[in-house]
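The block underneath contains the structure these notes are about, expressed in structure tokens.
The values are calculated or read from the model by the stated rules, or taken from the named source; none is laboratory data. Nothing here was measured: the structure is a model prediction, and the numbers come from that model. Here the Cβ positions follow ideal geometry from the backbone for every residue, glycine too, while neighbour counts run over all protein chains shown. Ligands, DNA and RNA are stripped out before the accessible areas are found, and what is left, the full protein with its side chains, is counted by its heavy atoms. Shrake-Rupley method; radii C 1.70, N 1.55, O 1.52, S 1.80 Å.
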Amino acid sequence: MTLYIVGAGGFGRETYDAVLAARADGEPGEPAEPVVFCDHARAGEKVRGLPVVHPDEADDDFVVAIADPGVRARLTAELEERGLSPRTVVHPRAVVGPETTIGAGSVILALAHVSSSCELGRHVQVNYNATVGHDARLADFATVFPGANIAGAVHLGGGCTIGSNACVLQGLAVGERAFVGAGAVVTRDVPAATVVVGVPARPHRGG
């Protein structure tokens, strides 16, 4: 069996780090399954000593390691339509609390803390040093950037992004495809497809 990491950029390499760490924590003597990167732009190259192929060449388990939720959803749909199975990757130094479920294709990196009784949908990403509080619900393709803090009972809608070091306060909701800017503090619900920035977070009017 081969694991295809779709995306050979920074997050793809970080996902590979998590795969290597999980392998090192495995049972002695376990065979190391092959890992291959997939990337439209870099097919034919090598990254971290691994071959890079076009996504059309993937034929086994996959994880889409691309931060953009829309791109992630599109590539996931293409691969699943071909019958490939998504793989969940959790770094062994991430903390996942009791009664928490993590959907297929999700990636949880080192030092992330996902608390008790959370529900993470399919193809969710929780980056380094991010925290997700008790009873939070993260819908499919939600993305939590490094250092962000999702308080308890928060609901993140599908395809939304929480920027680095941002904070979403207890019990709030961030709508589908919304974007919370880096360092923002969300003190009220964020509507779908809205960009918010600042402390407290307010809709970004553009420049």
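Observations on the model:
- Among residues other than C160 with Cβ under 9 Å from its Cβ, the summed charge is 0 (Lys and Arg +1, Asp and Glu -1).
- Within the accessible area of the chain (1.4 Å probe), percent carbon and sulfur: 52
- Against the main long axis of the alpha-carbon atoms of the chain, helix 10-24 sits at an angle near 60°.
- Accessible area per residue in Å² at 1.4 Å probe, computed on the chain: 45
- Of all DSSP-defined beta bridges confined to the chain, some 10% are antiparallel rather than parallel.
- FRET efficiency estimate (nearest 0.05) - Cβ-Cβ, T187 to R93, R0 35 angstrom: 0.65
- Per-residue ellipticity at 222 nm computed for the chain from its helices equals -4500 deg cm²/dmol, with DSSP H segments shorter than 4 residues left out and the rest contributing -39,500 (n - 2.57).
- Radius 15 Å from Cβ of R202, net charge of other residues (Lys, Arg +1; Asp, Glu -1): +1
- One decimal place: the segment D68-S116 gains 14.6 nm when fully extended, by the rule 0.36 nm per residue minus the C-alpha distance.
- For the chain, modelled as a GNM whose springs connect Cα atoms under 10 angstrom apart, the maximal fluctuation among L156, L138, L20 occurs at L20.
- Evaluated with a Cβ-only charge set (Lys, Arg +1; Asp, Glu -1), the range 1-152 carries a dipole of roughly 440 debye about its Cα centre, given to the nearest 20.
- With Cα atoms, 0 to 90° folded angle of helix 69-81 axis to the chain main axis: 40
- Projected label points at D56 and M1, each 7 Å from Cα along the beta carbon direction, are separated by 2.8 nanometres.
- Computed extension length for R202-E81: 39.7 nm, one decimal, from 0.36 nm per residue of separation with the Cα-Cα distance subtracted.
- This model, with +1 at the C-beta of Lys and Arg and -1 at the C-beta of Asp and Glu, gives the range 11-78 a dipole about its Cα centre of some 340 debye.
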